[in-house]
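Report on one structure; see the data block that follows.
The values are calculated or read from the model by the stated rules, or taken from the named source; none is laboratory data. Fair warning: this is a prediction, and the values are worked out from it, not measured in the lab. Neighbour counts are summed over all protein chains in view; Cβ atoms, including those assigned to glycine, are modelled from backbone coordinates with ideal geometry.
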Amino acid sequence: MKKYLITLIPVVLLGWQRGPEQQKVDVTPAVETSMEDDIKPIPAQYKAEELTTRILSSYHYRKTKLNDSLSEAIFDKYIESIDHGKLYYLAADIAEFGKYKNSFDDYLQKRELDVPFEIYNVFRRRYKERSDYIQTLLKEAKPFDYAADESMNTDREKATWAKSTDELNDTWRKYLKSEALDLKLSGKADTAVVSMLRDRYKNRDRALGRIRTEQVFQMYMNAYAESMDPHTSYMAPTSADRFKQEMSQSLEGIGALLGEENNYIMIKDVIPGGPAFKGKQLKKEDKIIAVAQGDEGKMVDIIGWFVDDAVKLIKGPKSTVVRLQVISADALSGTPPKEYRLVREKIKLEEQRAKSEIVSINSANKDFKIGVIDIPLFYRDFEGAQHKEKEFSSTTRDVQKLITELQTANVDGIVIDLRNNGGGSLTEAVSLTGLFINRGPVVQVKEGQGEIEVQSDNDPAIAYDGPMAVMVNRFSASASEIFAAAIQDYKRGIIVGEQTYGKGTVQTLIDLNQWVPKETDQLGQVKLTVAKFYRINGSSTQLKGVMPDLELPTAFKVNEYGEGSQPSALPWDQIPSSKYELANNINPKIVDQLREKYTQRLKSDEELKTLVKTLDEFKEARENKVVSLQESKRKIERDDAEKKRAAMKQLGEDNTDGDDEDEVDSKVAEAPKDVKKKKDIYLTETGRMLADLIVISKEPSLAGAKKK
């Protein structure tokens, strides 16, 4: 099997080893440019443009030709990446740029960069205009009338470009007033509010002043790369160097991966084993808006910062404290930020390893012992395996040991928990599947040229052949989907939870300098999609992911998160099925009976009824993107949002806080009686489904397997 990248690879890793020279926090920009100065391309970028264009047009899985249609997509994505919220360009600017809309394919083929850079330089001038207006407005002692009854739509996706400077100024006045209200309602005095906003926007000015030719070029090339698919990207030399550091696995910090989105520093992933993971405080898509050092340090506002600068504040030596102000990913409009305290530490790889527990489930007046194996990611020490070390780190090896321990404890069934597992080693996904099946294919990989490779488990040994369930959610991706799909296709166990992420593509890294060995300038790297994953039944895991046999209530709408939310995602398709032999464990009649019992509980179980009602109300509330700019009404909105969030937390849907001490319905076997654990209604209900499966499977009329 070729070496591929199959995980969801985010942007910046908070946690590489700090040297002695990095102990002090320094956020002073190394280089600043005047807003009036134009940014221009450098000679090496023309060569990087040529090579990237050749690679993407020739070797990308999609085989998309450079033409006017793709040019329009590149143009739209480039404009969006520069001014996502339509808060700087005027309608006249966009109309002027329109004459270039069908020419970006020609620019890429002819090694031209003048137009993309000019489009960005117009943005710099528009930004300077907005900055001047903002600072003028904030010079007033009382710039806002908090008693005025007006509102603002926070969703700019469907907004139109402003037709005049006055229209854009009014939009910005409302944005500033909304930010001021957030600060005011958090207890800040009026003078402090204005002072903080001044500093915030001066920091944004300094951040924009740091933009250099390399970053503009990367933005432009990524508009092209991401038009092919969301997992293809160009990395400029400094970004490529940083990526190498990320992959070094010498981790020290809070254990989070960050990126920039809409002026916010956003959490792209939480690293298993890090402080953020263990504290259950941060999750994907959360926004960090301020950072403080230690327990007494002053909060530094980082809205509008670039991720490199934010990293300097957030990372740090082990055993030191960092405090973060965070807006949750699922926060309702007007919800105030939360403050979290984390102790930086060296990320312990053992924290990433699979763990087990035994829970007691009461179903139909009978107690069942259910073993739960939590797998945060599919890990494998490839170097240790290559050197044939006896105890090299391996998901499959660890899970096999845990299965033996659970069987010794006489569990009635086993749940494999893959919630929030973003992927990892394909080798481990295949070998782990082999613990539960006899032998046979696990996944098919189709390359762009049409060649199909089947990855199989060739070991006839089965570590566990009893009743099993696999838990997944919207953030189960890549290798997780391969394992869950195989278990489902073999009819080996039931899949419970939400539709998975749908990341069914394979990437590889290409260093551009390998193509021109004599080139002295560093040209960067391309992360390229070269293959797709397919289930053994021939269906792709791309876009659709894995649909559970039994769906649990969810806080998310279809395609709100996951591959389906990406406009350029590769489509779902099918290839011929592999030949495989079904297991005897699951069939349609069994699933129908399990669903019927679950449906009955949804009607009768008060906790499930409350969960469904709360989630429905929460989803409905999230649809409302309009917030009041009147102080009295805004306070009511915030209070209502907090109540809804508290209701979610009480039901265990929100796992961002680690201080909830509600008793769990499913008690951990042999745990001290005074130990309390956070509720997990989803695990409890999955345990009930598995208990139902154990009972139902004993009915002779439902047993039997089919050959395929």
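A few comments on the model shown:
- Here the condition is being surrounded by 23 or more Cβ atoms within 10 Å (Cβ to Cβ), out of contact with any Lys or Arg (no Cβ under 8 Å at 6 or more places or on another chain) and not β-branched (Val, Ile, Thr); of ASP367, ASP417, ASP381, it holds for ASP417 alone.
Matching residues to (1) surrounded by fewer than 18 Cβ atoms within 10 Å (Cβ to Cβ); (2) modelled with pLDDT of 80 or more:
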position: ASN222; (1), (2): no, yes
position: GLU226; (1), (2): no, yes
position: PRO230; (1), (2): no, yes
position: ALA236; (1), (2): no, yes
position: ARG242; (1), (2): no, no
position: GLN249; (1), (2): yes, no
position: LYS280; (1), (2): yes, no
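- Residue list for segment 62-120, filter: over 26 Å from ASP170 (Cα atoms) and outside any helix (DSSP H, G or I): ARG62, LYS63, THR64, LYS65, LEU66, ASN67, LYS101, ASN102, SER103, ARG111, GLU112, LEU113
- The residues of segment 448-488 that are in contact with a Lys or Arg (Cβ under 8 Å, 6 or more places away or on another chain), outside any strand (DSSP E or B) and charged (D, E, K, R), listed by number, are ASP459, GLU481.
- Residue list for segment 158-213, filter: in contact with a strand residue (DSSP E or B) (Cβ under 6 Å, 6 or more places away or on another chain) and either hydroxyl-bearing (Ser, Thr, Tyr) or loosely packed, with under 15 Cβ neighbours inside 10 Å (or both): SER178
- Failed item, numbered, when GLN135 is tested on (1) surrounded by fewer than 18 Cβ atoms within 10 Å (Cβ to Cβ); (2) free of Cβ contacts under 8 Å to residues at least 40 places away in the same chain; (3) in contact with a Phe, Trp or Tyr (Cβ under 8 Å, 6 or more places away or on another chain): (2)
- Sole exception among (1) of a type outside the set (A, V, I, L, M); (2) farther than 23 Å from SER164 by Cα; (3) surrounded by fewer than 20 Cβ atoms within 10 Å (Cβ to Cβ) for HIS84, by number: (2)
- Top-ranked residue in segment 489-513 [being part of a strand (DSSP E or B) and modelled with pLDDT of 95 or more; ranked as farthest from LYS268 (Cα to Cα)]: ILE494
- Flag if SER103 is over 30 Å from ARG200 (Cα atoms), surrounded by 15 or more Cβ atoms within 10 Å (Cβ to Cβ), touching a Phe, Trp or Tyr at 6+ places or on another chain (Cβ under 8 Å) and of a type outside the set (A, V, I, L, M, F, W, C): no
- Any chance ALA583 is over 26 Å from LYS158 (Cα atoms), buried (at least 16 other Cβ atoms within 10 Å of the Cβ) and either of a type outside the set (Asp, Glu) or at pLDDT 95 or above (or both): yes
- Any hit, segment 569-579, residues being among the aromatic types (Phe, Trp, Tyr) and in a loop (DSSP other than H, G, I, E, B): yes
- Given (1) more than 26 Å from GLU637 (Cα to Cα); (2) among the acidic types (Asp, Glu); (3) surrounded by 12 or more Cβ atoms within 10 Å (Cβ to Cβ), index of the condition ASP155 fails: (1)
- Counting residues in segment 521-533 that are outside any strand (DSSP E or B), within 16 Å of ALA429 (Cβ to Cβ) and at pLDDT 95 or above gives zero.
- Residue within segment 549-559 that is free of Cβ contacts under 8 Å to residues at least 24 places away in the same chain and surrounded by fewer than 24 Cβ atoms within 10 Å (Cβ to Cβ) present: yes
- Residue match in segment 515-529 (condition: touching a Gly at 6+ places or on another chain (Cβ under 7 Å) and either touching a residue at least 40 places away in the same chain (Cβ under 8 Å) or of a type in the set (A, V, I, L, M) (or both)): no
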